[in-house]
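Input: a single structure, listed below in structure tokens.
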Amino acid sequence: MKNQDTAGTETSVSLPEDHQRRLEKAQAMGGPRKLDARREQGKLNVRERIDRLMDDGTFRESGAFVTSAVPADKDKTPADGKITGSGEINGRRSIVVGYDFTVKGSSSSPMSNKKMSHFKALSASTGTPLVYLNESTGIRMPDAMGGTGMGNANSRTRFLRKRESPWAAAAFGYCFGSAAWHTMISDFAVFTKGSVLAVSSPGLVSRATGQTVDEQELGGWKVHADVTGYADAVAKDDEEAVDLIRRFLSYMPNHNGELPPVAEVPAGSGDRGAEINEIVPESRTQTYDVRKVIECIADTDSVFPLKARYGKSLVTCLARINGQSVGIIANNPMFKGGALDAAACDKATALLVLCDSYNIPVVMLADQPGFLIGLEAERSKVAGKIINWMNALSLVTVPKIAVTMRKNYGQAFINMGGGGTADATAGWWTTEVSFMDPTSAVSVVHGVDPEAEPEFYAEKLAEMSKGTSAYDVAGVYGFEQVIDPADTREFIINALADQYNARTSGIGEHNLSMWPTGY
């Protein structure tokens, strides 16, 4: 093969040499200056992110020689701004799509979309987890402008999401356009501090609206961690974000046709049951942090919080109990007394969707005074979100284990696994169950002022408090068992064994696999 040197003289180049030259050019990303600038900012480049994600030496790149189809950009777009391929994560085959911000802001073109669509289809057809490492300015305008650019798009199934295999995503820096869509549509999304995810960039929004828009107020990581709930986790830097994805996938099966892997049970797991009686006060009005209870029940160091900054009156997390992956939904009296608001409803539904899609049993730990009521609650569409949660719970076909800890009132009793919505139920011997808190019921039914009529109030309160104990619920088989709080882990382990469906090898029906990713 012949090439010309700088003097214009033809020189012979072997095929291996030519291939190596082309490969180095394709893998050069945006060049030394841009790569050095990222390093100074403390950010990993896309190839460094992939190296951290994949087990050492396992990544196999595909599509390295793709460039923009626009002739003027052909030599300026190595890999067309997207690094794609496969490798192993924790010893299991996985697929990755990495956005290279050093190449035209990792803007998307028909060529890079073609690569991404190929690997999305491959993930579904082979049952392989898919990871998106997202950072992009959005679509590449010269490629998309005009009727030809728009008419040439092929998006029929590009954003189809059936949850056949787990998807995980990280939002690094700016995430507009497809970087936003791929983050939103994934089963797990981690945002790095400083990241921004929005439909359009602050500059475009400002020009369109005539208002100055702050990028963090528009779609910063705090907005999505605290307000929208789209952030399942927040990472301090790129390294932690990638590590969280690796950990999330360790709880997941490769695809929805198999069970999650069973991990070795760490020494000391199950030794902390007695601590629960010290953590949880007997009085239903005293607060405590349910996360401490979960730590006592789960295998040591196995709790993986989801949406921890959002809807704080409810805790959702992945964990392992006796080595088995479970999803946990637990009321937390530390926040709003455990009352469930619209955010908590969305949070619970999201956990149910995840667990139903990937054959992960659900454990519910109830201690709640009911749903939050009032003007703000109704305007946040709480009624619709309550029924979404109820509907989702009814559609779940993986095992559902419900334990009532102290109080369990009203409609939320049903949402938290009562009334036959769970497969196995127990109540602590401290449990109180009723349509509402008896103190509130006295006021509603009798209109009694406890200060004005203390004796009459006490009489009516005693009447309203009858038949509310765990033993009363168990008397009508509303609870299968009444247990010592210290025995909660043991109850869950046995219930999971009882509920294992040998006929399907533990595989559920996945009724929620096409539930909307945002609602």
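The values are calculated or read from the model by the stated rules, or taken from the named source; none is laboratory data. Bear in mind the structure is a predicted one, so any value in this text is a computation, not a measurement. Counting neighbours? That spans all protein chains shown, and the Cβs are built from the backbone with ideal geometry, glycine included. Surface areas here come from the heavy atoms of the whole protein model, side chains and all, with no ligands, DNA or RNA. Shrake-Rupley method; radii C 1.70, N 1.55, O 1.52, S 1.80 Å.
Before moving on, here are some points about what is shown:
- Charge dipole of the chain (Cα centre as origin; +1 on each Lys and Arg Cβ, -1 on each Asp and Glu Cβ, all else neutral): 2340 debye, rounded to the nearest 20.
- Cβ-placed point charges (K, R +1; D, E -1), dipole of region 291-394 about Cα centre in debye, nearest 20: 240
- Across K222/K407; K162/K307; K34/K115; K292/K400, pairs whose alpha-carbon gap is larger than 30 Å: K222/K407
- Contact order for the chain, expressed relative to its length and based on alpha carbon pairs under 8 Å spaced 6+ residues apart, stands at 9 percent.
- Kirkwood radius for region 240-371, taken over all pairs of different Cα atoms as the inverse mean of 1/r, rounds to 15.4 Å.
- Of the GluC sites (Glu not before Pro) found in region 265-363, those that fall in a DSSP loop while having at most 14 other beta-carbon atoms within 10 Å are E282.
- Less than 5 angstrom separates the built amide H of G410 from those of S434, F435, M436, all sequence-distant by 5 or more or on a different chain.
- Start at zero, step by 10 Å, and the Cα-Cα distances of region 249-316 spread as 17, 36, 34, 11, 2 percent across the bins.
- Residues whose amide H comes within less than 5 Å of that of L314, counting only those at least five positions distant or on another chain, are N332 (H built at 1.01 Å from N in the peptide plane).
- Out of every Cα-Cα pair that region 168-212 contains, those further apart than 16 angstrom amount to 40 percent.
- Charge dipole magnitude, Cβ of K and R +1, D and E -1 - region 1-127, Cα centre, debye nearest 20: 500
- Cα lying deepest toward the dipole's positive end in the chain, options G87, I360, G63, charges on Cβ: G63
- Rounded tilt (10° steps) of 342-357 against the dominant C-alpha axis of the chain: 70
- Vicinal HN-Hα couplings computed from phi for region 272-284 (Karplus, 6.51 cos²θ - 1.76 cosθ + 1.60; Hz; Gly/Pro x): 10, x, 5, 5, 4, 5, 7, 6, 9, x, 5, 5, 5
- Note on D75/F159: beta-carbon distance plugged into 1/(1 + (r/R0)^6) with R0 of 22 Å gives a FRET efficiency of 0.10.
- Surface calculation, 1.4 Å probe, protein heavy atoms: R247 sits at approximately 80 Å² accessible.
- Contour minus Cα-Cα distance for L122 and E17 (0.36 nm per residue): 34.6 nm
- Per residue accessible area in Å² of the chain, where ligands, DNA and RNA are left out and the probe is 1.4 Å: 46
- Normalising the average separation of contacting C-alpha pairs (under 8 angstrom, six or more residues apart) by the number of residues puts the relative contact order of region 321-380 at 49 percent.
- Given charges at Cβ of Lys, Arg, Asp, Glu: the chain dipole, positive-most of L53, I493, I386: L53
- When region 233-330 is described by a simple charge dipole with +1 on each Lys and Arg Cβ and -1 on each Asp and Glu Cβ, the residue from Q286, I276, F248 located farthest towards its positive end is Q286.
- Using the Karplus relation 6.51 cos²θ - 1.76 cosθ + 1.60 with θ = phi - 60°, the per-residue 3J(HN,Hα) values for region 396-406 come to 5, 10, 7, x, 10, 10, 10, 10, 8, 8, 10 Hz, with x marking Gly and Pro.
- With R₀ set to 51 Å, the beta-carbon distance separating D484 from E88 gives a calculated FRET efficiency near 0.70.
- Computed [θ] at 222 nm, deg cm²/dmol, the chain (DSSP H ≥ 4; -39,500 (n - 2.57); rounded to nearest 500): -9500 deg cm²/dmol
- Cα centroid of region 102-144 to Cα centroid of region 268-337, whole Å: 38
- Taking every alpha-carbon pair under 8 Å whose residues sit at least 6 apart, region 377-435 reaches a relative contact order of 37 percent.
- Inter-probe distance in nm under a simple model that places probes 7 Å from Cα toward Cβ, at Q216 and A263: 3.3
- Sulfur and carbon atoms: percent of accessible area, the chain [1.4 Å]: 52
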